[in-house]
1. If I model a spin label as a point 7 Å beyond the Cα along the Cα-Cβ vector, how far apart are those points for Asn361 and Glu259 in nm?
2. FRET efficiency for Val411 and Glu449, Cβ-Cβ distance as r, R0 = 41 Å, nearest 0.05?
3. Tell me, what is the FRET efficiency for Asp313 and Ser165 to the nearest 0.05, using R0 = 35 angstrom and their Cβ-Cβ distance as r?
4. With a ≥ b ≥ c taken as the square roots of the eigenvalues of the C-alpha gyration tensor of the range 418-519, please select rounded if a/c is under 1.5 and otherwise prolate if a/b is larger than b/c or oblate if it is not?
5. Within the range 313-338, list the residues whose amide N lies under 19 Å from a label point set 7 Å along Cα→Cβ of Ser390.
6. Can you compute the FRET efficiency between Glu89 and Asp123 using 1/(1 + (r/R0)^6), with r the Cβ-Cβ distance and R0 = 35 Å? Round to the nearest 0.05.
7. Magnitude of the Cβ-charge dipole of the chain, K/R +1 and D/E -1, about the Cα centre, nearest 20 debye?
8. What distance in nm separates the simple spin-label points at Gln467 and Asp383, each placed 7 Å from Cα in the Cβ direction?
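Values quoted throughout were computed directly from the atomic coordinates according to the rules given, and no laboratory measurement underlies them. Every value quoted in this text rests on a predicted model; they were computed, and no experiment measured them. Cβ placement follows ideal geometry from the backbone for every residue including glycine, while neighbour counts extend to all protein chains displayed.
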Amino acid sequence: MRGKYSYIWPTIIAAALALGIFVGGKLHFDDTPEKLFSTNSKKDKLNRLIDYIDYEYVDEIDTDSIVDVTVNQILEKLDPHSVYIPKNEMERVSENMKGDFVGIGINFYAYNDTIAVIKTIPDGPSDIKGIKAGDRILMAGGDTLFGKSLRNDAIVQKLKGEEGSTVNLKVYRKEEDKTFNVNVKRDIIPIKSVEAYYMLTNDLGYIKVNRFAETTFKEFKKALKDLKKQGATKLALDLRDNPGGYLGVAEQMADEFLEDGKLILFTKNKKGKIDKTFATSKGTFEDKQVYVLINERSASASEIVAGALQDNDIGTIVGRRSFGKGLVQREMALGDGSAVRLTVSRYYTPTGRSIQKTYANGTKDYYKKFTERYHSGELVSVDSIKVADSLKFTTPKGKVVYGGGGIIPDVFVPIGTNEEEAVKSMDSYGWLSYFIFEHLDADRKKYKEYSVEDFVKNFRVDDILFQEFVDYSLSRSLKMDFYAHENSIKTYLKAALAEQLFGANLHAKIKSVEDTMLQEVIELDSPLVKQGEEEQIQGQN
């Protein structure tokens, strides 16, 4: 551990930058030397340094870039989660957390130097105007959208614009071999944080949440309402790979499952001020079984939800130990369009545990410890998870839980083999999706007759399509034992087809049969398993 005062200097510098460089004025060359060492001497020193470089340095220097580097280096000295967001990244970051943007409502590939529509957003601007999957957008507002030199971010900027503004698109439809023009009015396009939801069994619903943005709770409530209409009396809440987001949204979600008055979490700042958050009477899924799925990439707000339920003896946490982020950030504008997300407090689960792992040895060591989980064996065996007795806590019903580095699940599910995980990665990183787009693009007509029900029940990925995928992968230097995982790959190929034909919910539902963690949840929820657990408890009594 570092000394008691080891972080005072970078904290003062961070404050000086925020108040001085980005808010303060220009250098006055007639200032007296005494002012440099006044109460605001550190702020003034940094102001003067930047101004000296601006006005006196022999070469032209981009002082904005110097400031960016300086801010990043200062924040790295504080903790791994205090970060600087440059002006040119603020729009993207803000849109992602706001949960929407203004555009024309398409998902696309830059395919063979052309913008190819994968699918349109249902009821979005392009969908309403009749744009279809497979269409090529050649021009937008007179600007050419094809060619090797056009980057994805440049394409997006040409398609985005003011809400209500109209853009004229020139479109080529391959299956009809025709080109046409269409005017599309830009509108607000949601960025979904509820990735998918469907019924796992007759009474067990499933919701996948990929982050905690402004719109997440509203999306979650809609999904939950729809599932309850379909008969869901239990829920599998999938927070795997969810890096977190807004604290308040996580509190709202936890409130759905906790009785009025139950502690959700508390935070503590540098002055020792404690703020507690309690559940309200608004919860609509209290006294019902909930399974929360987490893994090593579930962090922050995901851990708040899992920790709140685990510490209140609600539901079952399933999966692998979560990331271990127990710090709360606040976004603060720096006056020039950039911002800093500064850690302002720590949060604690209801039993009083902090799940923040140590960062005493710096950011590099912090993330190295995360990757070490892959080598230590803890991803394949719960017995390999290192815990400290000094960080042991007990829930109201006597369950032992630990702080100091993530939420340890109630039911452990090991990670798959390297090749099993490689198959999953082909799905999550878009490899399968790109192949399926090419497959559909060759002949979309043969899939037109499929309804959702017919596709689920009767469509099978045949050996010809499977072999095409193997050849496609090998030609692009992706090597693995494809034939050892043939059934799994065929399932994922069917799921990728379902996504482009019918949407994300069917994609998630089809591939669930290959999801060992979800299959564990279904088994845990089966009447036979529950009966065996009850008989075991009775035998112990």
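1. According to this spin-label approximation, the distance is 4.5 nm.
2. Working: r = 43 Å, r/R0 = 1.04.
With R0 = 41 Å, the Cβ-Cβ based efficiency is 0.45.
3. Details: r = 53 Å, r/R0 = 1.51.
About 0.10, to the nearest 0.05.
4. On the way: a/c = 1.78, a/b = 1.20, b/c = 1.49.
Oblate, since a/c reaches 1.5 and b/c is not below a/b.
5. What the label zone holds, given the 19 Å backbone N cut-off, is 326.
6. Rounded to the nearest 0.05, the efficiency is 0.70.
7. Details: 76 positive and 82 negative charges, 208 e Å.
Value, rounded to 20: 1000 debye.
8. Label at Gln467, label at Asp383, 4.6 nm between them.
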